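The structure under discussion appears below in the form of structure tokens.
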Amino acid sequence: MPFSPCRTAEAEVGMLYYLSSAEGTGGRLKETAEDFVVDEISSRPPAFDDGKFTIATVTARNWETNRMVRLLARQLGMSRDRIGFAGTKDKRAVTTQLMSFMCPPDKLSKVELQDLSISDAYTARRGMAIGDLIGNRFGIRVTKVDKTPEEVSAITEGVMADIKASGGFPNYFGVQRFGAVRPITHKVGELIVRGDIEGAVKCYVCDPPRYSEEKETEADKMRKLLAATDDWGQYAKDMPDFMGFEAAMVAYISNNPGDWEGAVKELPTNLQMMFVHAYQSYLFNLMLSERISRGLPLNRPVVGDVVVPIDIDGNPKHEEPVLVTSKNIDLAERQIKLGRAYVTHVLFGGDGIMAEGVPGEIEHGIIEKTGLSAEDFIIPELPHCSSTGSRRELICPVKDLKTEIGENSYRLSFSLPKGNYATCLLREFMKSEMTDY
């Protein structure tokens, strides 16, 4: 497969290649929320009449998941920890997902939030937790396309042919993992695993976005002020409402000078987890790009690879890794060809199997450049930031991929397994700048 190099800012987060060498359509995503529709393919807890959890379908427009949970908790008069969900969704989108609430179903009628609806409530014995989904269905419209419908049709057909021939697309972690405008999440994570918690907090609160000062916002001005002083107390009450997480950290440090670990703990648990996970994701992207540069296949194993089988829902069983040897490579290749297993690279953390042979050279080479050890990813003072690590598939399969071409726009519909990024499929078609996703 003739991979082509990426020359946009995505390269800064390790996404160095495209699968398809077809010309990009250009354009942008999410001009309106309705241009990005996500329906969760849920793993639904069984109904139980006397269950202490209420499971409900939540449909939201333009809601960031953590902010949505915070305001739902406030309206319901409960801790945010009593609200569960399977996965975070895109903010600028129309999303539908299952959520759980530790309250009776009738209490949900008290919720009055704009562009958010709750329906189909029932009780169950268990709630929703991160990962409790099968995948997501997407309906995505690409707008501001400066090509004729005929040109767009030719490009999309070429990309779809490349994806079909490969059994999917390179399974990079997409820009949402790092931040499209302010790609810092992985930088915060790296500082945490290196033990520089103060630097991590200041990075999260103060680091500026990518764009120029001509587009400077109220938040950007506040970040500059905070970066220029150690006396955050003078700005604690002036933080914009939409900087809620940063404001919580600033207020905490103002009242507890020097307690940087405590400032991190002010953030929601799933956001604390995201930092180190994002750094692991960045390292994985580098490994995937290095594998591509060496000409190793993504959809076929070589000796030294680690493969994982899939479950009945098509999701990988990371807890059952298999090292590929000269004795079992034929079986591994057959299982992958039948869609029953995937080749993986490591999400390096406190534990887990590493590849051997040439794939092992790639993994160990990237990790050795960081100077970090597995133990660095276990952080006793910030347990939610710790990560034991895992494996991730090199190829993401696509189901029901369809296109609909319009004037200066086109629409894609498809389904992906959980944990994979629609933007990493869209980048194969668009090849636009990072901020256009």
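The values are calculated or read from the model by the stated rules, or taken from the named source; none is laboratory data. Note that the coordinates shown come from a computational prediction; the quantities given were computed from them, not determined experimentally. Reconstructed Cβ throughout: ideal geometry from the backbone, glycine too, with neighbour counts over all protein chains shown. Surface accessibility is based on the protein's heavy atoms, side chains included, excluding ligands, DNA and RNA. Shrake-Rupley method; radii C 1.70, N 1.55, O 1.52, S 1.80 Å.
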How many of the residues in segment 29-62 are touching an Asp or Glu at 6+ places or on another chain (Cβ under 7 Å) and in a loop (DSSP other than H, G, I, E, B)? 3
Scanning segment 400-437 for residues that are out of contact with any Asp or Glu (no Cβ under 9 Å at 6 or more places or on another chain), more than 28 Å from residue 306 (Cα to Cα) and crowded, with 20+ Cβ neighbours inside 10 Å gives 429, 432, 436
Expected single match for modelled with pLDDT of 95 or more, touching a Lys or Arg at 6+ places or on another chain (Cβ under 7 Å) and charged (D, E, K, R) among 290, 333, 393 is 333
List the number of the failed condition for residue 95; all other conditions in (1) touching an Asp or Glu at 6+ places or on another chain (Cβ under 7 Å); (2) in a strand (DSSP E or B) hold. (1)
Against the condition without any contact (Cβ under 8 Å) to a residue 24 or more places away in the chain and farther than 29 Å from residue 411 by Cα, how does residue 73 come out, does it pass? yes
For segment 188-210: of the residues being open to solvent by 40 Å² or more (accessible area, probe 1.4 Å) and either touching a residue at least 60 places away in the same chain (Cβ under 8 Å) or of a type in the set (A, V, I, L, M, F, W, C) (or both), which is farthest from residue 267 (Cα to Cα)? 210
Residues being of a type outside the set (A, V, I, L, M, F, W, C), in contact (Cβ under 8 Å) with a residue 40 or more places away in the chain, under 14 Å from residue 357 (Cβ atoms) and open to solvent by 30 Å² or more (accessible area, probe 1.4 Å): count how many of those fall in segment 301-339. 0
Check segment 150-161 and report whether any residue there is modelled with pLDDT under 95, within 30 Å of residue 311 (Cα to Cα) and β-branched (Val, Ile, Thr). no
Being of a type outside the set (Val, Ile, Thr), open to solvent by less than 60 Å² (accessible area, probe 1.4 Å) and outside any loop (DSSP other than H, G, I, E, B) is the filter here, so list the residues in segment 162-187 that pass it. 162, 166, 169, 170, 177, 186
Output the residue which, of all residues in segment 340-350 that are assigned to a loop (DSSP other than H, G, I, E, B) and free of Cβ contacts under 8 Å to residues at least 60 places away in the same chain, is farthest from residue 280 (Cα to Cα). 340
For residues that are closer than 18 Å to residue 419 by Cα and either open to solvent by 30 Å² or more (accessible area, probe 1.4 Å) or outside any strand (DSSP E or B) (or both), tally how many sit in segment 371-399. 8
Say we look at segment 261-297 and pick out the residues that are without any contact (Cβ under 8 Å) to a residue 24 or more places away in the chain and over 20 Å from residue 361 (Cα atoms); which of these is surrounded by the fewest Cβ atoms within 10 Å (Cβ to Cβ)? 262
Can you tell me which condition residue 333 does not meet? The list is (1) over 30 Å from residue 249 (Cα atoms); (2) in a loop (DSSP other than H, G, I, E, B), and all the others hold. (2)
